[in-house]
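Notes follow the structure.
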Amino acid sequence: MKRELIFLGPPACGKGTQTNHLSEYLGFPHIDTGSLLRAEIAKETEDGLIAKSFIDKGHLAPVRIVGNIIGKRLAEKDCEAGFVLDGYPRSMEQALILEEIREKLDGDNKVDFKAIYFDIDTKILIERIIYRQSCPKCGTIYNKKFKPSKVENICDICGVELKTRADDTEEIAKERFNTYYEQTAPLIEFYENKGVLHKIDANGSIEEVWNRLRKIIEG
Ligand code: AMP
């Protein structure tokens with residue numbers, strides 16, 4: 001049966017790390033709207049440049065732009081057996097668009113659909129964001145305060161210079177949290193009412209959270 005897994009949770013809750021790992025584990029593509037949008041920005045496409053003006057303020061990129069990106073991506077062949085969707089939907093409007101996309105793709109076929117919510121103590125998250133660095137080559141995430149690279153600003157694995165995301169400043173991060181609480185958090189109840197929500201305790205080490213996630217996936 002096709003498996004469709006979507007992930008909800010505040011910025012920097014660890015979804016990226018866990019969903020990356022999960023997609024390798026299950027052999028399904030990891031589809032992350034934040035990265036897809038950053039790729040559009042890097043290519044300087046028209047939609048990318050429009051999206052950038054929202055991302056730079058900590059707001060959601062326009063529904064049309066993200067909907068188009070996701071609609072096309074989920075229709076690709078490598079999503080036929082399943083996908084791990086990270087960062088979409090982020091609003092009620094997007095959740096309804098996702099239902100339409102899924103109806104078109106899956107028709108009456110039975111699908112194992114799960115919405116997994118990362119429940120975490122948000123006090124530490126701002127520091128996770130403002131000290132975050134990542135490797136542009138292998139994607140490994142570091143944190144200058146909690147998980148520094150061995151040599152400052154250099155990836156332990158690839159030896160290339162680490163990058164900081166343009167929207168990982170304190171000011172933008174605070175706005176991203178406001179956006180999350182106003183627009184994304186209501187989806188928890190939406191999926192709970194549909195009986196597809198799985199809550200995971202996202203506090204603790206990467207390994208602890210991974211073990212909890214695997215139980216949900218295999219359970
Ligand atoms: P992330 O990499 O998931 O932290 O996302 C970075 C930024 O990309 C967010 O703060 C939003 O501005 C934008 N973004 C990511 N996913 C979406 C989405 N589903 N809808 C609208 N904007 C998004």
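Basic side chains Lys and Arg get +1 at the Cβ, acidic Asp and Glu get -1 at the Cβ, and with that the dipole of segment 169-219 about its Cα centre reaches some 260 debye. Of the listed residues THR17, THR184, THR140, the order by accessible area with a 1.4 Å probe, largest first, is THR17, THR140, THR184. Of all DSSP-defined beta bridges confined to the chain, some 25% are antiparallel rather than parallel. Ordering PRO136, ILE70, GLY82 by the projection of their Cα atoms onto the charge dipole of segment 61-140, which places +1 on the Cβ of Lys and Arg and -1 on the Cβ of Asp and Glu, puts PRO136 at the extreme positive end. Pairs to check: LYS52/LYS147; LYS2/LYS114; LYS77/LYS194. Give those whose C-alpha atoms are more than 20 Å from each other in this structure. Too far apart for the 20 Å limit: LYS52/LYS147; LYS77/LYS194. All alpha carbon pair distances within the chain were sorted into 10 Å bins beginning at 0; the resulting P(r) in whole percents reads 8, 32, 40, 18, 2, 0.
Axis of helix 46-55 versus longest Cα principal axis of the chain: the two differ by about 70°, to the nearest ten degrees. Local charge for GLU171 was computed over the other residues whose Cβ lies under 11 Å away, with Lys and Arg +1 and Asp and Glu -1, and equals -2. To the nearest ten degrees, helix 15-26 and the longest principal axis of the Cα atoms of the chain are 60 degrees apart. Helical content of the chain, expressed as a calculated mean residue ellipticity at 222 nm, amounts to -13500 deg cm²/dmol (DSSP H runs of 4 or more residues, -39,500 (n - 2.57) each, divided by residue number, nearest 500). Over segment 23-98, accessible surface divided per residue gives 49 Å², non-protein components excluded, 1.4 Å probe.
Got a number for carbon plus sulfur as a percent of segment 62-195's accessible area, 1.4 Å probe? Solvent-exposed carbon and sulfur of segment 62-195 make up 49 percent of the total.
Distance from the alpha carbon centroid of segment 44-107 to that of segment 108-175 works out to 21 angstrom.
A straight Cα-to-Cα reach below 15 Å connects LYS215 with the aspartates and glutamates ASP201, GLU207, residues fewer than 8 places away in its own chain not being considered. Sequence-distant contacts, meaning Cα pairs under 8 Å at least 6 residues apart, place the relative contact order of the chain at 29 percent.
For the chain, give the magnitude of the charge dipole about the Cα centre (Cβ charges: +1 Lys/Arg, -1 Asp/Glu; no others), in debye to the nearest 20.
400 debye
The long axis of helix 63-74 is offset from the longest Cα principal axis of the chain by roughly 70 degrees. Heavy-atom accessible surface of segment 105-219, averaged per residue, reaches 61 Å², computed with a 1.4 Å probe.
Which whole-number percentage describes the relative contact order of segment 64-184, with Cα contacts under 8 Å and a sequence gap of 6 or more? Numbers along the way, then the final one.
Working: 86 pairs, mean separation 26.8, N = 121.
Over segment 64-184, the number comes to 22 percent.
The values are calculated or read from the model by the stated rules, or taken from the named source; none is laboratory data. Since this is a predicted model, take the numbers as computed values, not measurements. Reconstructed Cβ throughout: ideal geometry from the backbone, glycine too, with neighbour counts over all protein chains shown. To get the accessible areas, we keep the full protein, side chains included, count just its heavy atoms, and leave off ligands, DNA and RNA. Shrake-Rupley method; radii C 1.70, N 1.55, O 1.52, S 1.80 Å.
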